[in-house]
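A.B. asks: Okay, here's the structure, questions in a sec.
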Amino acid sequence: MSQGIFITGTGTDVGKTFVTALLVKYFREQGIKTAYYKAAVSGNIKGEHGLIPGDAAYVKQISGIMQPLDTMVPYIYEEAVSPHLAARKEGNPVELSVVKAGYDKLIKEYDMVVMEGSGGILCPLRCDGEQEVWLEDVILDLNLPCIVVADAGLGTINATVLTIEYLRMKSIEVKGVILNHYDPQDEMHQDNRIMIERRGKVPVIACVEDDAEKICL
């Protein structure tokens with residue numbers, strides 16, 4: 001695996017941040033100095049020193065990494081809406097150069113950077129009168145391969161394969177899929193895994209149960 005990896009999801013609320021936290025924990029436990037990074041996060045609460053990036057704080061807690069919180073997310077918004085809308089309302093638009101500078105700094109200090117996206121792959125980070133920035137722009141600018149996080153349940157074949165095909169259409173490498181909320185006794189979950197591999201032509205590299213404390217790759 002390259003020095004960096006991008007984690008995208010098939011949509012909102014598939015458990016992407018949870019899976020990302022387990023991946024960061026996995027790399028840390030392998031003795032790899034690992035950092036977490038996210039371009040923008042919305043829906044955050046105010047603390048004593050300003051907005052707290054909730055996803056980053058969660059990953060830090062679960063993974064046990066010592067990375068400073070203020071190096072994890074360059075753009076933090078209070079509004080619980082898509083980053084592009086939060087940025088527009090709060091007057092702090094995402095600049096791709098700022099995102100890249102933060103990533104490049106981490107790459108120099110860490111052996112591995114696990115970068116998490118916002119929502120699904122078609123998530124706008126900025127859309128105003130001056131510029132548009134989408135998740136795919138970040139991935140391509142940083143030249144990162146992707147892992148797709150998907151729910152193991154009903155409807156996942158369609159959502160997962162469409163996400164894979166979109167990434168390929170944009171010339172983004174897909175390393176594999178991680179199924180979340182996986183029940184090894186559920187026949188549909190088992191079949192979904194087989195069908196995703198067959199139609200998506202990528203491996204399902206891990207299946208994560210709801211009470212998982214570790215991920216096995």
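The values are calculated or read from the model by the stated rules, or taken from the named source; none is laboratory data. These figures come from a predicted structure and were not determined experimentally. Positions of Cβ are backbone-derived with ideal geometry, glycine not excepted, and every protein chain shown enters the neighbour counts. Surface areas here come from the heavy atoms of the whole protein model, side chains and all, with no ligands, DNA or RNA. Shrake-Rupley method; radii C 1.70, N 1.55, O 1.52, S 1.80 Å.
A.B. asks: Provide, for q = 0.10, 0.12, 0.13 Å⁻¹, the log10 of I(q)/I(0) from a solvent-free Debye sum over equal Cα point scatterers in the chain.
C.D. replies: -0.41, -0.60, -0.71
A.B. asks: What residues have an amide H closer than 5 Å to that of residue 127, excluding those fewer than 5 places away on the same chain, when H is modeled at 1.01 Å from N in the peptide plane?
C.D. replies: Residues meeting the amide H criterion: 133.
A.B. asks: When you count, for each residue, the other Cβ atoms within 10 Å and take the mean per peptide, how do 139-145, 118-124 rank with the highest first?
C.D. replies: Ranking the peptides 139-145, 118-124 by packing returns 118-124, 139-145.
A.B. asks: Only Lys, Arg, Asp and Glu count, each charged at its Cβ (+1, +1, -1, -1), so figure out the dipole size of segment 157-217 about its Cα centre, rounded to 20 debye.
C.D. replies: Using only the charged Cβ atoms, the result is roughly 580 debye.
A.B. asks: Under a 1.4 angstrom probe, counting protein chains only, how are 18, 27 ranked by accessible area, largest first?
C.D. replies: 18, 27
A.B. asks: Rounded to the nearest 20 Debye, what is the dipole magnitude of the chain about its Cα centre when Lys and Arg each give +1 and Asp and Glu each give -1 at the C-beta?
C.D. replies: Its charge dipole is roughly 520 debye.
A.B. asks: While we're looking at this one, here's another question. Using a 1.4 Å probe on the protein chains only, how many percent of the accessible area of the chain belongs to carbon and sulfur? Working shown, then result.
C.D. replies: On the way: 5210 of 10430 Å².
Here carbon and sulfur together make up 50 percent of the probe-accessible area.
A.B. asks: Could you give the distance between the Cα centres of segment 133-182 and segment 1-72, to the whole Å?
C.D. replies: 18
A.B. asks: Moving to a separate point now. With +1 on each Lys and Arg Cβ and -1 on each Asp and Glu Cβ, how big is the dipole of segment 125-193 about its Cα centre, in debye rounded to the nearest 20? Mind dumping the intermediate values first?
C.D. replies: Numbers: 5 positive and 13 negative charges, 44 e Å.
Taking the Cα centre of segment 125-193 as origin, the dipole is about 220 debye.
A.B. asks: For segment 148-189, how big is Rg over Rh, using alpha carbon atoms and the Kirkwood form of Rh?
C.D. replies: 1.03
A.B. asks: So what are the ³J(HN,Hα) numbers for segment 164-174, from phi and the Karplus equation (6.51, -1.76, 1.60; θ = phi - 60°), rounded to whole Hz, Gly and Pro as x?
C.D. replies: Couplings: 4, 5, 5, 4, 5, 4, 8, 6, 9, 6, 10 Hz.
A.B. asks: How much accessible area per residue does segment 1-148 have, counting only protein heavy atoms and a probe of 1.4 Å, in square angstrom?
C.D. replies: Using a 1.4 Å probe on heavy atoms only, each residue of segment 1-148 averages 44 Å².
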